[in-house]
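Structure first, commentary second.
Derivation of every value follows stated rules applied to the coordinates shown; laboratory data play no part. Remember, predicted model here, so these are calculated numbers, not experimental data. Every residue, glycine as well, gets a Cβ built from its backbone with ideal geometry; the counts of neighbours run over all protein chains shown.
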Amino acid sequence: MRDPRSVIVVREWDADSFHRQMLGFEAEGYIARRDSYEITPEVNPETGEIIHLHSIELSKPQSRPGLRLQAEPSPPRPNKTGRCCGGSSL
């Protein structure tokens, strides 16, 4: 189960502030859960102005001891004849 301290919810009315916060958390290693992204419209009852609340969840991956990621295999290199993989010419 995920540690609840490794999940952050960013909620902001101003889109620029929202994106600045997102960039800051992503720089710290948090990953956005894009399925949780929401923009909720709200109406100011006094002015009738529509404003939007931006929100998203971010989580910090937990490292597991002994888990190693493998790199992609290198493409085959040409052999001494200049052909790849030792195939014969026709």
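So here's what we get for this one:
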quantity: Kirkwood-based Rg to Rh ratio, region 4-59, C-alpha trace; calculated: 1.07
quantity: Spin-label model distance (nm) - Gln62 vs Asp16, 7 Å beyond Cα toward Cβ; calculated: 3.9 nm
quantity: Under 12 Å, Cβ to Cβ, from Phe18 - net charge with Lys/Arg +1 and Asp/Glu -1; calculated: -2
quantity: FRET efficiency for His52 and Leu23, using Cβ-Cβ distance with R0 set to 30 Å, rounded to 0.05; calculated: 0.95
quantity: Cleavage-rule hits (chymotrypsin sites (Phe, Trp or Tyr not before Pro)) in region 8-45: DSSP loop, at most 15 neighbouring Cβ within 10 angstrom; calculated: Trp13
